[in-house]
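Enquirer: This is the structure, below, for whatever I ask next.
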Amino acid sequence: MAKKDDVCSFCGRTRRDIRFAIQGIGGVMICDECVRSAGEILRENSFTPSTANTNNLTIAKPQEIKAYLDEYVIGQDDAKKYLSVAVYNHYKRLRSNAGRASKDDVEIEKSNIIMVGETGTGKTLLARTIAKLLDVPFTIVDATVLTEAGYVGEDVESILSRLLQAADYDVPRAEQGIVFIDEIDKIARKSDNPSITRDVSGEGVQQGLLKLLEGSIVNVPPQGGRKHPEQKMIAVNTQNILFICGGAFDGIKQKIASRLNSRTVGYTAQKDKAAIDFNNLLQYVAPQDLKSFGLIPEIIGRLPVLTYLQPLDRDALRRILVEPKNSLIKQYSKLFEIDGVELEISDEVIDLIVDKAIEFKVGARGLRSICENILMDKMFEIPSSNTNKLTIDAEYARKQLSDERMTRIQAS
């Protein structure tokens, strides 16, 4: 019979069956396999949050944040200003621990943000660029897949699951992160009329988001609750998580116009109407417009910072192509430079790309699709050739854009 100090106290294997062992007081022994298994168990279950360290968080001032955004995002000065101030105040509050009641019992609440703007105007890019500047965990979630608990789709808690993944499951770091909820307009209330069916992907989701936006301790399934119901939950405090929501709100312009034109009687009615810029109605967006669109008052109140993004005109689209640090022209030049090829694109080609983007009404997001259609054949041929310089002229670009491939952009 083996002695006590020759047998692993955890698995029962003897010294002959293991590579090495660790001896403890009183003859207790643990083998290398049990040590490895114990380490894995600790890593899987070490989700208990400690107090978040906000002292090392770098806070850029509003003008510095806007200057940084200017390097990556063209135009949208109003949205940049609103975002810069909201982000600065949020993390200033977080670092000074002002979120908790102070000596004078003044408790500063966080200011979540909602952005209204047409597709391709830079909502997602603004949020991603701010997260890059602050070096905090950042995740983008799509509101269209969210449903009430118990229905096909994702629970609202899955939003925090993705934030935890972005923070490598470091809970204190995740609790300082930024969540961008895209397509927030798609969960608008479908109808004001009572119905026998539940609005499980509309008003139901909005009600589920309330506790996240306001700030509460939420039990989050790290791997998704519906596929792994047996997993251990992680407690996440959303009090210091900044939520930025964005949506196109297609049709809200009509609601804004209706509200602005509501005053039709009186001597000043015509004067007030003349002062309205009907080419950019989004600048007049107000909380009551969001309510009439279908957002419930409770969720509007938890998104106190409301800003808009202007439609992109021809000049803005042209600047987007060439000016930002990571502009499309610079990206494609870098791709060809890796193959030892110098790319030269004429100004006429850039104008042509902008004209097509305006024609197809695809915004800044569609610029890449147009550039891909122009350069696809060359990107296929150049790596196998000995060419060291490639010049794209207007004639070649028009030929590529007249191809049937452009119908995909028109249909999108």
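Enquirer: Tell me, in nm to one decimal, what length is gained between F10 and Q63 on full extension, where the rule is 0.36 nm per residue of separation less the Cα-Cα distance?
Expert: On the way: separation 53, 0.36 × 53 = 19.08 nm, distance 6.01 nm.
Result: 13.1 nm gained on full extension.
Enquirer: In Å², and per residue, what accessible area does segment 283-412 have when probed at 1.4 Å with the other protein chains present? Walk me through the intermediate numbers first.
Expert: On the way: 7160 Å² over 130 residues.
So segment 283-412 comes to 55 Å² accessible per residue, rounded to a whole number.
Enquirer: With r defined as the distance between the Cβ atoms of S216 and R36 and R0 fixed at 35 Å, what FRET efficiency is calculated, to the nearest 0.05?
Expert: Numbers: r = 38 Å, r/R0 = 1.09.
It comes out at approximately 0.40.
Enquirer: For segment 279-363, report the convex hull volume of the alpha-carbon atoms normalised per residue, in Å³, without decimals.
Expert: 153 Å³
Enquirer: Can I ask one more? Quick check: pseudo-label points 7 Å beyond the Cα along Cα→Cβ at T119 and N326, how many nm apart are they?
Expert: Reported label-point gap for T119 and N326 is 2.2 nm.
Enquirer: Residue by residue through segment 317-325, which ³J(HN,Hα) values in whole Hz follow from phi under the Karplus form 6.51 cos²θ - 1.76 cosθ + 1.60 (θ = phi - 60°), with glycine and proline marked x?
Expert: 5, 5, 5, 4, 5, 10, 8, x, 4
The values are calculated or read from the model by the stated rules, or taken from the named source; none is laboratory data. Quick caveat: nothing in here was measured; it's all calculated off a predicted structure. Every residue, glycine as well, gets a Cβ built from its backbone with ideal geometry; the counts of neighbours run over all protein chains shown. Note: areas computed on protein heavy atoms with side chains; ligands, DNA, RNA excluded. Shrake-Rupley method; radii C 1.70, N 1.55, O 1.52, S 1.80 Å.
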